[in-house]
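Working notes, beginning with the structure itself.
What follows draws every value from the coordinates through simple rules; no lab data is involved. Given the structure is predicted, the values throughout are model-derived calculations rather than measurements. Counting neighbours? That spans all protein chains shown, and the Cβs are built from the backbone with ideal geometry, glycine included.
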Amino acid sequence: MTATVQSVERALGLLLAFENEPTQTAAELARATGLTRPTTYRLLHTLQELGFVHNANGSFTLTPRVLRLSAGFVTGQGIGRHAAAVVEKLAARTQEHSAVAILDGTDVVCIATANAPGSRYLAVAVQVGQRLPASETSMGRVLLAHTEGPGTALLSERDRREILESGFATADGLIESGVRSIAAPVRDHRGEVIAAVAIAVSAHSTPIEQLEHDLLPALRAAADELSDLT
């Protein structure tokens with residue numbers, strides 16, 4: 001078995017520790033990662049010198065440079081190259097927030113998002129790179145229904161059957177009260193589901209029936225277009 005490089009493992013673990021708490025002190029990061037304080041300080045100093053973290057009076061935050069770590073993945077994937085253009089067209093057509101996400105364990109990770117100019121902007125609109133619990137989002141529920149991964153138990157067999165039969169999933173107030181969404185699967189050239197595209201709306205202005213009747217056709221067209229490009 002090939003040995004891992006401990007310093008690389010620790011540095012990446014430190015970067016991941018910012019996921020749920022974007023601003024932390026070195027002491028907080030040491031507790032979160034289980035590293036000693038001297039080791040944490042050395043790693044933070046190195047990451048700061050490389051431009052990946054910023055230190056403001058002892059409080060550390062990530063810098064935009066960390067996005068370069070994901071650039072190769074997003075642009076290297078067929079879906080990553082086309083997702084932004086597809087969701088921009090979908091947002092313009094529906095005048096609603098739209099996004100594309102992939103499944104990572106029990107979470108979904110947004111890889112593209114768009115909001116049409118002049119449209120109603122959701123205060124909790126998902127952002128690129130954001131992670132959300134898969135079982136609480138329409139995109140995640142679509143992906144969980146098509147996978148045998150670690151998140152299988154997060155979806156009931158009844159919900160799974162309904163999603164597979166209907167070809168879409170909805171989420172109503174699961175992530176945030178007042179927000180509902182609908183999602184459809186995106187497939188690769190082999191027919192395997194690799195992502196999901198969704199439309200999110202304000203529950204105060206758009207009833208669930210309108211999602212399924214008025215917005216679903218545009219959503220499915222976008223999912224099909226992205227599937228054809230992948």
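Residues whose amide H lies under 5 Å from that of H97, counting only those 5 or more places away or on a different chain, are A200; hydrogens are built 1.01 Å from N in the peptide plane. Legend: calculated FRET efficiency, R42 to E19, from the Cβ-Cβ distance at R0 = 30 Å, rounded to 0.05, equals 0.90.
Could you tally the net charge around Q48, taking each other residue with its Cβ under 14 Å from the Cβ of Q48, Lys/Arg +1 and Asp/Glu -1? That sum, taken over residues with Cβ under 14 Å, equals +1. With R₀ fixed at 25 Å, the C-beta to C-beta distance from A92 to R65 puts the FRET efficiency at about 0.20.
Pull out a ≥ b ≥ c, the square roots of the eigenvalues of the alpha-carbon gyration tensor of region 152-230, then state rounded if a/c is under 1.5, prolate if not and a/b is larger than b/c, and oblate in the remaining case. Oblate, since a/c reaches 1.5 and b/c is not below a/b.
Using the Karplus relation 6.51 cos²θ - 1.76 cosθ + 1.60 with θ = phi - 60°, the per-residue 3J(HN,Hα) values for region 22-31 come to x, 10, 9, 7, 4, 5, 5, 5, 4, 5 Hz, with x marking Gly and Pro. Rounded to the nearest 500, the helix-only mean residue ellipticity at 222 nm of the chain stands at -12000 deg cm²/dmol, with each DSSP H run of n ≥ 4 adding -39,500 (n - 2.57). Overall form of region 6-62: rounded. Here a/c, set by the Cα gyration tensor axes a ≥ b ≥ c, is under 1.5. Phi-derived couplings, Karplus 6.51 cos²θ - 1.76 cosθ + 1.60 at θ = phi - 60°, listed residue by residue for region 101-116: 9, 10, 8, 9, x, 9, 10, 10, 10, 6, 10, 7, 8, 7, 9, 5 Hz, with x used for Gly and Pro. Of the residues T23, A116, G105, the one whose Cα sits farthest towards the positive end of the charge dipole of the chain is T23 (charges of +1 on Lys and Arg Cβ, -1 on Asp and Glu Cβ, taken about the Cα centre).
A simple spin-label model places the labels of R31 and L12 2.7 nm from each other, with each point 7 Å out along Cα-to-Cβ. For the pair T152 and E176, the difference between a 0.36 nm per residue extended length and the Cα-Cα distance amounts to 6.4 nm. Working from Cα pairs under 8 Å separated by at least six residues, relative contact order for the chain is 15 percent.
A convex hull fitted to the Cα coordinates of region 69-229 yields 106 cubic angstrom per residue.
Residues whose amide H lies under 5 Å from that of V108, counting only those 5 or more places away or on a different chain, are L132, A134; hydrogens are built 1.01 Å from N in the peptide plane. Distance between the 7 Å Cα→Cβ label points at R81 and R131: 2.8 nm.
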